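The values are calculated or read from the model by the stated rules, or taken from the named source; none is laboratory data. All values reported here derive from a predicted model rather than from experimental measurement. Heads up, the Cβs are rebuilt from the backbone with ideal geometry, glycines too, and the neighbour counts pull from every protein chain shown. SASA here: full protein model, heavy atoms, side chains in, ligands and nucleic acids out. Shrake-Rupley method; radii C 1.70, N 1.55, O 1.52, S 1.80 Å.
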Amino acid sequence: MKVTTQILLSTFAFILVSCFNSEIIAQKNNKIKVFTTAENTNWKLSLTNDLISNSTAKIPAVSIIVNTKKTDQTFLGIGGAITDASAEVFAKLSPKKQQEFVTAYYDKNKGIGYTLARTNIHSCDFSSDSYTYVSEGDKDLKTFNINHDRKYRIPLIKKAIETAGGKLTLFVSPWSPPAFMKDNNDILHGGVLLPEFAPAWAMYYTKFIKEYEKEGIPIWGLTVQNEPMARQRWESCIYTPEAESDFLKNHLGPTLEKEGLGSKNVIIWDHNRGDMLTKRADLVFSDPEVSRYAWGIGFHWYETWNGGPPQFESVAKVHEAFPNKNLLFTEGCIEKFDASKYQFWGNAERYGINMIHDFNNGTVGWTDWNILLDEKGGPNHVGNFCFAPIHADTIKDELIYTPMYYYIGHFSKFIRPNAKRVVETISDTSLLSTSFKNSDGQLIIIIMNQSEKEIVYSIVNQTKKTTITIPAHAIQTVVY
């Protein structure tokens, strides 16, 4: 009986000590949260604190040293484009699915907390057809109206703003002036703006902004021209560096000021990373008379169209040359829609790679392309079908969430506007990482593993060291 009692007491003591140690471990880690999305698992932005190691047996293969005292750019936001295509698909969903959709993107607690958006000034390729806001030949813009947008696009933008808590940083972009304002008399296929229509075209932007703001949709900024060096089979218009500089200096900038819109943030270029320093930034930002109108420079990721690598160094060069100007990623998507690749993990990893590198090179915000497309990758009036992070099967009234949605969410849900990027050092290229400190002091570290094996790594933050395991083909957000 005595032996039995001793065994029971020993067992109870062991349980008590184990519970006590578990409590200490929990207390030790209760300020740290690890969220994981990983291929071949059920983890999708899932809380995975069991991946934090409480043992010294695991030796980290990679160290990430975070210097919270050294910061760089101020974070603007992350979001996507609310195009005609997105709005038309949204309108085909049932009210229940519509609510699910806006919550998924714009609710910071239940969704991934988008804070940034882009929309098109009249039609782009992701519209069901080409249209403008004026009658053909109306150089005085007397017929200007946005009735077209009131059917689909404006209602969706309003729902997005409401779901985001009443505020959404929205910028607008034109794909082409009306046909009669161009030398090719065509809203498609490139062409250039005729000099005699430059004043009218500048006024066109201001009318659009004012009409949207009358609808209760604040416009934060605008780009001068979407992809100004590309002659596309859809809406497009060519601007040389000199032409864009001249238009901004002599027409768009002064017109915005004259119309009481001088506080709007103007973004130049809005094209691929490429040689944007020499092809655009040097000319515009080095001229004080033009530069005073330009908030910053926007860029896309399609420089890889001919098989070359992403040119992240181009972003770094602009940031280094013009540290007082802002860099904004304004568009990117996975091209060539194929429904069999909805869950293709490589598409998500492309997002993670680009976002991490862009932020580490000084980018303040990141804007995906269409927030929603249908089961065919459209609508698109020239057949340029692409992927979106969420697709809708409009026949079955279903939403299809791709891995891209979750990868973007690892950034947008946790890094909040006005955060500061924190400089970090990573010991090995087997992982990618970027870090931000929110205005409330919360430290956010995103880590990505593209390899076929899980990796043990440590985060060193001043006096703290945390050892974590990241699965193969996974992305994590660590919250301190």
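Take every pair of alpha-carbon atoms less than 8 Å apart whose residues are at least six positions apart; their mean separation over the length of the chain yields a relative contact order of 23 percent. Near SER127: Cβ cut-off under 13 Å, other residues only, Lys/Arg at +1 and Asp/Glu at -1. The net charge is -4. Across the protein chains, with a 1.4 Å probe defining accessible surface, the residues ASP125, ASP183 rank ASP183, ASP125 from largest area downward. The residue list ILE217, LEU193, THR143 was ranked by how far each Cα lies along the charge dipole of the stretch 139-223 toward its positive end, using unit charges on Cβ atoms, and ILE217 comes out on top. For a straight C-alpha distance cut-off of 23 angstrom, the lysines reachable from LYS465 (same-chain residues fewer than eight places away being disregarded) are LYS28, LYS31, LYS33, LYS58, LYS69, LYS70, LYS420, LYS437, LYS453. Farthest towards the positive end of the charge dipole of the chain, among the residues ASN354, ILE65, TYR105, is the Cα of ILE65, using unit charges on the Cβ of Lys, Arg, Asp and Glu. Around the Cα centre of the chain, unit charges on the Cβ atoms of Lys, Arg, Asp and Glu (plus for the first two, minus for the last two) sum to a dipole of about 1980 debye.
Partners of LYS279 within straight-line reach, counting lysines whose Cα lies under 25 Å from its Cα and excluding those fewer than 8 residues away in the same chain: LYS182, LYS249, LYS264, LYS317, LYS325.
In a DSSP loop and with at most 15 other Cβ atoms within 10 Å, the trypsin sites (Lys or Arg not before Pro) in the stretch 315-374 are LYS336. Counting only whole DSSP H helices of the chain, the ones at least 27 Å long by C-alpha along their axis and with mean Kyte-Doolittle hydropathy no lower than 0.5 are 2-29. Summing Lys and Arg as +1 and Asp and Glu as -1 over all other residues whose Cβ lies under 15 Å from the Cβ of ILE238 gives a net charge of -3. Proximity of backbone amide H atoms, modeled 1.01 Å from N, is registered between SER53 and THR467, ILE468, THR469 at under 5 Å, excluding neighbours fewer than 5 places apart on the same chain.
HIS381 contributes about 50 Å² of solvent-accessible surface, heavy atoms of the protein only, 1.4 Å probe.
A run of the chain free of exposed loop cleavage sites, with GluC sites (Glu not before Pro) counted only in DSSP states other than H, G, I, E and B and at most 10 other beta carbons within 10 Å, reaches its longest extent at 137-451. Measuring with a 1.4 angstrom probe and ignoring ligands and nucleic acids, TRP234 comes out at about 30 Å² accessible.
By the rule of a C-alpha distance below 19 Å, with chain neighbours fewer than 8 residues away ignored, the aspartates and glutamates paired with LYS341 are GLU39, GLU349, ASP368, ASP374, GLU375, ASP393, GLU398. In the context of the full protein assembly, LYS464 retains an accessible surface of approximately 110 Å², using a probe radius of 1.4 Å and ignoring ligands and nucleic acids.
How do ARG231, ARG153 rank by accessible surface area computed with a 1.4 Å probe, from largest to smallest? Provide the component values of the computation, followed by the final result.
Details: ARG231 170, ARG153 0 Å².
So the residues, ranked largest to smallest area, are ARG231, ARG153.
Distance between the pseudo-spin-label points of ARG231 and VAL479 (7 Å out from Cα toward the beta carbon): 5.1 nm. The relative contact order of the stretch 246-320 comes to 36 percent, based on Cα pairs under 8 Å that sit 6 or more residues apart. Of all the accessible heavy-atom surface of the chain, with the other protein chains kept in place and a 1.4 Å probe, what percent is carbon and sulfur? Carbon plus sulfur share of accessible area: 53 percent.
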